[in-house]
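Worksheet for the structure shown next.
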Amino acid sequence: MVSTALLEMKGISKRFGGIQALDDVDFYLNAGEVMALAGENGAGKSTLIKILAGAYPRDAGEIWMNGRPVEIHSPRDAQRLGITVIYQEFNLTPNQTVAENVYLHDPQRRPGLMGRLGIVDHRARRDATQVLLDQVGSMVNPEERVSNLSVAHQQLTEIAKALAQDARIIVMDEPTSALPDEEVNRLFDIIRQLKQRGIAVVFVSHRLEETRQIADRVTVLRDGQLVGQEVVAQITNEQLIKMMVGRMVDTLFPKTETQPGETVLEVKGLTRKGVLHNINFTLRHGEILGFAGLVGAGRTEMSRCIFGADHYDSGSILLNGRPVIIHSAQDGVKAGIGYVPEDRKQQGLILMMSVRDNIALSILHQLTWNGFVKWHSVNSLVENYVQRLQVRPPQVSLKAEQMSGGNQQKVVLAKWLALRPKVLILDEPTRGVDVGAKAEVHILIDKLAQEGIGIILISSELPEVLNMSDRILVMAEGEIVGALSRQEATQERVLELASVKSMKRSEMAGKENRRQI
């Protein structure tokens, strides 16, 4: 029987040293279909994608397209077959223009882009790029440098680039992780347009509601094996979670009701010109203080100033009632402030270093004697935190880059817990983390609060802030615009506070325009 599937991957296996990343996995995809690829971090999703993209060779199995076997030994092979992957970290050259990026792969393949003597016709390339940008609804200038674009417009540039390569299959790896809600909806509209053109989309996301909203079917991997393929409309979230993690996740937000202690952190009049304006708040021992707001509200900028990663122009910071001078991250560490950044790969870890070395970095000065590292103490401490946080695999010599996103996040947390901080700032602690690991991180946050650590929780996922926080402060345009108790806080109330400032500005701009008319 001849298959009608656009793509079939049969019996795919891949091993890295002693780790079986994929074990006899089958995957198929139809034209004009959105297939969600789901599973915990480390389930094998990235490995399967990279085999399809030609970045990894497979150890066993076959790949078929339109009923015929094909070989994909390199990204160029995948490109020729019409397979494009848009990775979470975009594959764009920031110092070149949008048009240069869109046709960077091979301008000779596009008739009309080459002028005399094999020189690129810049006007033809710009016009061709404009056609593609119009198709994906991007308003950017083809001659704009990519470094000047927002994340959303960089993503649209990647999609335009895929269309320029005559893509028949587009893989989107965590495409919504850094997008605000309005941009997510826009992306979904584009994906629906791609479907109508017969282009197949593989959609990788940890957000179950997005999977339900955009995908036709879902393929679930667990521990490198295929668990099942289901029609999204015929499966519940609870069933999907059980397929992903192998058990029911009873509660995603395990918040224990506690009575916070005395004030541990007080921020007075924190101001950074053009970014933050007169930030005032207190944080108590054992309290989880949530910060909510729209993209660009200033939450990350505020946390970086408190930790010392960025400077501030005026204001004061007090720890346990005493003023502290924080001009650098080193000052923040000495004061007892830990900071888990939103970008763990770029700012939280040294990926080429081992789990052991990453965890020990924050307290290395405590583990040396006469200039020599006390390795026995280092190993004992690291193994304790690897066990406590259930880092998988529990191999302290493993490089951080070889671990899944959820386990990388646990290593970042372990690094700061080893410091025994008075205050722990968590900026998007579960971004890019699967549902099982997310529950584990939430349990850990709750336990840390019970131990008396004051926690600042910043998250773009409102359910996370609402369910894990004792109090919630709402920010907009660099200011705190509202404070809500756990009982008062609802999604509607938070969004109302977060958007009221921009709404007032729009009203004032409208009045000013009418005045000028």
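Read the figures in this text as sums done on the coordinates, not as results from a lab. The shown structure was predicted, so the numbers you read here are calculated from the model rather than taken from an experiment. Ideal geometry is used to build each Cβ from the backbone, glycine not excepted, and the neighbour counts take in all protein chains shown.
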For the chain, share of DSSP beta bridges that run antiparallel, in % to the nearest 5: 55 percent
Under the rule rounded for a/c under 1.5, else prolate if a/b exceeds b/c, else oblate, using alpha carbon gyration tensor axes a ≥ b ≥ c, the stretch 138-177 is classed as oblate
HN-Hα J in Hz across the stretch 461-478 - Karplus 6.51, -1.76, 1.60, θ = phi - 60°, x for Gly and Pro: 8, 4, x, 5, 5, 5, 8, 9, 9, 7, 9, 9, 9, 9, 10, 8, 6, x
Rounded to the angstrom and largest first, Cα extents along the principal axes for the stretch 325-370 equal 32, 31, 12
Calculated P(r) tail over 15 Å for the stretch 351-419, as whole % of Cα pairs: 44 percent
For the stretch 351-419, the dipole about the Cα centre with charges only on Cβ (Lys and Arg +1, Asp and Glu -1), to the nearest 20 debye, works out at 100 debye
Could you tell me the largest-minus-smallest coordinate of the C-alpha atoms of the chain on each of the three principal axes, in descending order and whole angstroms? 72, 71, 51
So, with +1 on the Cβ of K and R and -1 on the Cβ of D and E, and no other charges, what is the size of the charge dipole of the chain about its Cα centre, to the nearest 20 debye? 760 debye
Relative contact order as a percentage, the chain, C-alpha pairs under 8 Å and 6+ apart, gives 15 percent
The stretch 369-381 - phi-based ³J(HN,Hα) in whole Hz, Karplus 6.51/-1.76/1.60, Gly and Pro as x: 9, 6, x, 10, 6, 8, 4, 4, 5, 4, 4, 5, 5
Label 7 Å along Cα→Cβ of Lys268; the stretch 472-499 residues with amide nitrogen under 19 Å? 480
On a 25 Å Cα-Cα criterion, which of the cross-link pairs Lys242/Lys438; Lys45/Lys195; Lys255/Lys334; Lys50/Lys161; Lys45/Lys410 come out too long? Lys255/Lys334
Name the trypsin sites (Lys or Arg not before Pro) in the stretch 198-283 that are in a loop by DSSP and that have at most 13 other C-beta atoms within 10 Å, would you? Arg247, Lys273
Name the residues whose placed amide hydrogens come within less than 5 Å of the amide hydrogen of Arg272, ignoring near sequence neighbours (fewer than 5 apart) on the same chain. His277, Asn278, Asp313
Assuming a ≥ b ≥ c are the square roots of the Cα gyration tensor eigenvalues, decide whether the stretch 6-74 counts as rounded (a/c under 1.5), prolate (otherwise, with a/b larger than b/c) or oblate. oblate
Per-residue ellipticity at 222 nm for the chain, helices alone: DSSP H runs ≥ 4 residues times -39500 (n - 2.57), over residue total, nearest 500 deg cm²/dmol? -10500 deg cm²/dmol
Given charges at Cβ of Lys, Arg, Asp, Glu: the stretch 351-419 dipole, positive-most of Ser377, Leu417, Ser362: Leu417
